[in-house]
Amino acid sequence: MTDVNQSASSTVAVTINGVDIDAHQGELLIAAAERNGVYIPRFCYHPRMDPVGMCRQCLVEVDTGRGMALQPSCMLTVSDGMQVDTESEKTKRAQEGMLELLLVNHPLDCPVCDKGGECPLQDQTLAFGPGESRMVEEKRHYEKPIPISDIVFLDRERCVLCDRCTRFAKDVAGDPLISFMQRGNETQVLTFPDDPFNSYFSGNTVQICPVGALTAKPYRFRARPWDLEEVESTCTTCSVGCGVAVQASRNELLRYQGVDVDEVNHGWLCDKGRFDFESVSSAERLRTPMLKNPDDAAELVGTEWNSALNAAADALRDRSVGIIGGARLTNEDAYAWSKFARTVVGTNNIDAQLADGLDATMIASLPKATIHDACSADTVLLIGPDLKEELPVLFLRLRGAAEKRMTKIVEITTAPTGLTRYAAESHTSTPGALAHDVSNVLDADPSLTTGRVVVIVGRANLAASPSEVEEAVGVLQRRIPAATYLPALRRGNVMGAIDMGLTPDLLPGRVSLEVGREWFENAWGTVPDAAGLDTAGMLEAASAGRIDTLVLLGADPIVDVPDRDLVERALAGVSTIVAVDNFATTSVRRADIVLPASGYAEKGGTTTNIEGRVSALGQLVTPPGTARADWMIAAELAYRLGGDLGLESVGDIAAEIATVVPSHLAPTPELSPETLLEESDVGDTSDDDDEQVPVVPSIDVPAPAGWVAPAMSEMKPADSYALRLVARRSLYDAATATAMSPSIAHLAESAAIRIHSSELARLGLTAGDHVNVTSSKTTIAIPVAPDDSISRGVVVMGVNQPGVGAGELIDLRSAVTEIQLETR
Amino acid sequence: MSFFNDENRKLADEIVARYPRRRSAMIPLLHLAQEQAGWITQDAMQEIASLVDSTPAEVLGTGSFYEMFKFHEVGKYVINICGTMSCQLLGADDLIHHAEERLGVKAGGTTSDGMFTLERAECQAACTEAPTLQINYRYKYRVSTTDFDRLVDQLAAGALVDEIPQHGVLARVRQSIPTDRSVGAADPADENEPPVWMISGAQLRPEGGGA
């Protein structure tokens, strides 16, 4: 991956078509020319992959002191005194000749080709082609499109053998499951028989294919490029925050394309992020508010907003309230809900994390690293989840950096991850003993503590208490004081939610309740005194009858909180459940009042990624039915409760955030409230801004909260009869974004418990047998699968795979989850 | 999954150990697989992929570039008759027609007893000896139709078994490096170091001396 920005150290003088340009030392001629406004045609060259000189389309006349000669500009680095002619007769003839040859076998079935209208072959034939062909012979024929995976189709007739998809699969994704087969006229891209191109990143090959050879099932024959409307946005499937172009036609989302954001995704997307647009336009979306049928508790009956909001307001008035969720929201939504909870409901019981994350104060106070920092650090210490499964594009970036030896990955993990293969060191950790294991690894190799160290910190095991991670961070802070941290929390805008105060201990701007009280009392009028409860605390309180109303703010605790029993008791213990969501999830179906929220690409705003980078969310389609933006729901509820958030549009909220939230006091220009006001189609965007946003110049800006690491606790001795459970997430699981997207829903593997084959033999089991798994909570039946990469004494299970989830077995209060397996 | 027999599996590990990177052993292992089965089966490619830390797609992609790796079943003896200029002028077409009649298969086909595969080949670089053919890549020069019949009879009767091994066997003498003389594979991480011959040259040069 040629990084233009990083090689900008010195310049060389190059002349292109008689014009002097400044090119960077080490830059490829084709890139330097493009940067200076001279487009050289190309098919195989891609700025994020190493050049191969495969298609020869970029031939130009170059003189490096030995006279003019045709050279492929994608394979040539600029040098001082280089003379280039991209318009000479010879260059023109070469480029025309290449196109004539590429079209020898190309079927020219453009009228039925999905690429038509956005096809580099079409465009460049028009711009640089000969206009006619001398070939009269029959073209090569292959079976038209063959599926090479569940999602991607290959039409070999259209292929021009540019090596982009195969190079991507091998060099970028690390999944060389497609390759050139045969040679000469027979050369074709294929998979191995019966070994499909099952890569988490396969959709990228469709986007970078310069012809219509690769097409993706969700978009095949759905639209023509000239019928598409487009808005640039940010993917919120996970919290990496990849740049994405959202495309729709006739008010229906049809496609996401990766946008190259140098700091984040380099143009790549994972398949889940790329194809879960289907869930936005799903017929299952909630279209209208609903109330529980008083005669039949199992049924929700549609109603109009007024009665639903009134009912919800009644449930919130003078009651003990807990609000769970909020990572789905935009920053502006989150701010509105944070303000609503604190000033109108009067509670700090609000938590965007679902007992599957980390201490928000820790996350907010750790010195931050960027993705670039991680990719160029001397050492990346990984004490978090399998990034390939949870933050796939971060995996891609780290994998690329490790392969190019720009960084060294040291992993401390309970079970192998997608990065294990690329890690310089992979240390096995015992569930529950992370802090001790981190300490031991640093003892064994003190060199790991020197140089620039970036720690990627998250929850590798939801069956162990987060305190093991917090203690491990404490060890790292003591041993590597200069280390910076990149939090690996998965949920879409969890970082933005924390920044906006959707967490019991922090007010917007990552300030603690104590430090921020004066500032926010001034800005908001009031801040509740009582300390708030986090999700686990709220669920405990609810099960004990100490919470009357539970608000599920885009949360599905039944499947997401890793303690099913606790959630069930909590839901049974509250008198009213209010759900604000896109779908009737398992938890939403239990609610008394359901308020449909607008979803992705249905509202403008901003989102914050794991680095703390704030980027824009574009609005392109309208919400289904009468669904509304989350901030509007907060504002409506506030009004009914006799309060006033003073927020009437996304622009209003953005403006208030910019004046009130300490960490957002100087927003980046492109995300300023003015831009958002212009771009936002939601709510009142008129300029008669007579309402004053609160300004508090007399008080010192409160400082972000500090965090004190807990001391290392004693390790619980292992029970030699028990196995320790590792509960992890997979990219494709039973969560709504996947489950409501038909193209990827079936890719979720059904639940199984993975265990070393010797343990399996010891128990007299064979693969596929159902076993009874018993923890302190319950016994469940689940099939076993052998996996020799897992240590003995440990079993691995998915948190939310179709079937049965690990949440059934986990007790949030225990440090580790010990289980026993019995044959049935 | 186990394609290689015990002896070849041991050999495969030995071959892999010769290279700084496992991937480099891919083509030698394809030869070994072809030697064992006469052609390269899907099982073989899957096993090679795991031995060289690659994917079956890459193994097939690499192997299928080469004409001499066969990815479909071929006979014990693959007969390549040259059809290029010199051979054609000296009767290659007649020879191929005769071969097709004699074996009862078209060029490209394999006899039903699995003994012979007949192929039309490009120039075999023995134009002075035209018409030529190769049996499992062993040359036969100035082949007449009578010579061809005699060859087929001899092969069928097993008379040439010493001269021409079954398809896939490259050589009967195997490369072997005695352990006491083997320096082992270089460390791939050393690629930024100067080549070994430069280092050893510097050591050989006497102290203070110069060329």
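The values are calculated or read from the model by the stated rules, or taken from the named source; none is laboratory data. All values derive from a computational prediction rather than experimental measurement. Note that each Cβ is placed from the backbone with ideal geometry, even for glycine, and that neighbours are counted across all protein chains shown.
Considering segment A:502-557 alone, what residues qualify as being buried (at least 22 other Cβ atoms within 10 Å of the Cβ), in contact with a Phe, Trp or Tyr (Cβ under 8 Å, 6 or more places away or on another chain) and of a type in the set (Val, Ile, Thr)?
Listed by number, the list holds a single entry, A:511.
Do we have any residue at all in segment B:63-86 that's buried (at least 21 other Cβ atoms within 10 Å of the Cβ), over 16 Å from the mean Cα position of the chain (by Cα) and in contact (Cβ under 8 Å) with a residue 24 or more places away in the chain?
Yes, segment B:63-86 contains a residue that is buried (at least 21 other Cβ atoms within 10 Å of the Cβ), over 16 Å from the mean Cα position of the chain (by Cα) and in contact (Cβ under 8 Å) with a residue 24 or more places away in the chain.
Check off (1) among the acidic types (Asp, Glu); (2) surrounded by 15 or more Cβ atoms within 10 Å (Cβ to Cβ); (3) within 30 Å of residue A:200 (Cβ to Cβ) for residue A:788 and give me the number that stays unchecked.
Failing condition for residue A:788: (2).
Among the residues of segment A:433-449, write down those that are surrounded by 13 or more Cβ atoms within 10 Å (Cβ to Cβ) and in a helix (DSSP H, G or I).
A:434, A:435, A:436, A:437, A:438, A:439, A:440, A:441, A:442, A:448, A:449
Could you check segment A:309-395 for helices (runs of 4 or more DSSP H) lying wholly inside it with 2 or more residues that are closer than 22 Å to residue A:732 by Cα?
By residue number, A:387-390.
What do you reckon, is residue A:815 of a type in the set (Gly, Ala, Ser) and in a loop (DSSP other than H, G, I, E, B)?
Answer is yes for this residue.
Output yes when any residue across segment B:88-95 is closer than 30 Å to residue A:196 by Cβ and away from every other protein chain (no Cβ under 14 Å), and no when none is. Outline the logic, then answer.
First, the residues of segment B:88-95 that are closer than 30 Å to residue A:196 by Cβ: none.
Looking for residues that are closer than 30 Å to residue A:196 by Cβ and away from every other protein chain (no Cβ under 14 Å), one finds none in segment B:88-95, hence no.
Would you mind stating whether residue A:220 is surrounded by fewer than 22 Cβ atoms within 10 Å (Cβ to Cβ) and in contact with a Pro (Cβ under 9 Å, 6 or more places away or on another chain)?
So residue A:220 fits the description; yes.
Working only within segment A:62-75, note down all residues that are crowded, with 21+ Cβ neighbours inside 10 Å and either among the hydrophobic types (A, V, I, L, M, F, W, C) or part of a strand (DSSP E or B) (or both).
Result: A:62, A:72, A:74.
Among the residues in segment B:53-60, are any among the charged types (D, E, K, R) and within 12 Å of chain A (Cβ to nearest Cβ)? Lay out the reasoning, then the answer.
The initial filter retains those residues of segment B:53-60 that are among the charged types (D, E, K, R), namely B:53, B:58.
Filter again for within 12 Å of chain A (Cβ to nearest Cβ), leaving B:53, B:58.
Taking every residue of segment B:53-60 in turn, at least one turns out to be among the charged types (D, E, K, R) and within 12 Å of chain A (Cβ to nearest Cβ).
Report the residue count in segment A:368-391 for those that are buried (at least 23 other Cβ atoms within 10 Å of the Cβ) and acidic (Asp, Glu).
Residues flagged as buried (at least 23 other Cβ atoms within 10 Å of the Cβ) and acidic (Asp, Glu) within segment A:368-391 amount to 2.
Scan segment B:20-46 residue by residue and report those that are within 13 Å of chain A (Cβ to nearest Cβ) and under 29 Å from residue B:134 (Cβ atoms).
Passing the criteria: B:26, B:40, B:41, B:42, B:43, B:44, B:45.
I'd like the residue in segment A:171-222 that is hydroxyl-bearing (Ser, Thr, Tyr) and touching a residue at least 24 places away in the same chain (Cβ under 8 Å) and, out of all such residues, is farthest from the other protein chains (Cβ to nearest Cβ).
A:219
Strands (runs of 3 or more DSSP E) wholly in segment A:727-804 with at least 1 residues that are touching a residue at least 60 places away in the same chain (Cβ under 8 Å), out of contact with any strand residue (DSSP E or B) (no Cβ under 6 Å at 6 or more places or on another chain) and closer than 24 Å to residue A:466 by Cα - which ones?
Numbers: elements: A:753-755, A:770-774, A:779-786, A:794-798.
Passing ranges, in order: A:794-798.
Quickly run through segment A:569-587 and pick out the residues that are crowded, with 24+ Cβ neighbours inside 10 Å and not in a loop (DSSP other than H, G, I, E, B). Give the derivation first.
Initially, segment A:569-587 is screened for residues crowded, with 24+ Cβ neighbours inside 10 Å, giving A:570, A:574, A:578-582, A:585.
Within segment A:569-587, A:570, A:578, A:579, A:580, A:581 meet the criteria.
Only one of (1) in contact (Cβ under 8 Å) with a residue 40 or more places away in the chain; (2) more than 22 Å from residue A:702 (Cα to Cα) is not met by residue A:531, so which one is it?
With (1) in contact (Cβ under 8 Å) with a residue 40 or more places away in the chain; (2) more than 22 Å from residue A:702 (Cα to Cα) applied to residue A:531, the lone miss is (2).
Any residue at all in segment A:88-97 that is within 35 Å of the chain's Cα centre (by Cα) and in contact (Cβ under 8 Å) with a residue 40 or more places away in the chain?
Scanning segment A:88-97 turns up no residue that is within 35 Å of the chain's Cα centre (by Cα) and in contact (Cβ under 8 Å) with a residue 40 or more places away in the chain.
Among the residues of segment A:625-648 satisfying the criterion of being surrounded by fewer than 22 Cβ atoms within 10 Å (Cβ to Cβ) and of a type in the set (Gly, Ala, Ser), which is nearest to the chain's Cα centre (by Cα)?
A:625
Here are some conditions: (1) within 12 Å of another protein chain (Cβ to nearest Cβ); (2) over 30 Å from residue B:127 (Cα atoms); (3) polar (S, T, N, Q). Residue B:64 meets all but one. Which one does it not meet?
(2)
Let me spell it out: the conditions are (1) within 24 Å of residue A:169 (Cα to Cα); (2) of a type in the set (A, V, I, L, M); (3) without any contact (Cβ under 8 Å) to a residue 12 or more places away in the chain, and residue A:444 meets all of them except one. Which number is the exception?
Residue A:444 satisfies every listed condition except (1).
Looking for something in contact with a helix residue (DSSP H, G or I) (Cβ under 9 Å, 6 or more places away or on another chain) and surrounded by 24 or more Cβ atoms within 10 Å (Cβ to Cβ) - is there at least one such residue anywhere in segment A:281-302?
Scanning segment A:281-302 turns up at least one residue that is in contact with a helix residue (DSSP H, G or I) (Cβ under 9 Å, 6 or more places away or on another chain) and surrounded by 24 or more Cβ atoms within 10 Å (Cβ to Cβ).
Identify, please: which residue in segment A:137-169 is free of Cβ contacts under 8 Å to residues at least 40 places away in the same chain and surrounded by fewer than 21 Cβ atoms within 10 Å (Cβ to Cβ) and is, among those, nearest to the other protein chains (Cβ to nearest Cβ)?
For segment A:137-169, the residue satisfying everything is A:146.
In segment A:588-610, what residues are assigned to a loop (DSSP other than H, G, I, E, B) and in contact with a Pro (Cβ under 9 Å, 6 or more places away or on another chain)? Even if it seems obvious, please write down each step before you answer.
Let us first name the residues in segment A:588-610 that are assigned to a loop (DSSP other than H, G, I, E, B), namely A:591-592, A:598-604, A:609-610.
Across segment A:588-610, the qualifying residues are A:598, A:599, A:602, A:603, A:610.
In segment B:87-106, how many are without any contact (Cβ under 8 Å) to a residue 24 or more places away in the chain and either β-branched (Val, Ile, Thr) or closer than 17 Å to residue B:151 by Cα (or both)?
Going through segment B:87-106 one residue at a time, the tally reaches 5.
So which helices (runs of 4 or more DSSP H) stay within segment A:625-687 end to end and still have 3 or more residues that are of a type outside the set (Lys, Arg) and modelled with pLDDT of 90 or more?
Values: elements: A:630-640, A:650-660, A:673-679.
The qualifying helices (runs of 4 or more DSSP H) are A:630-640, A:650-660.
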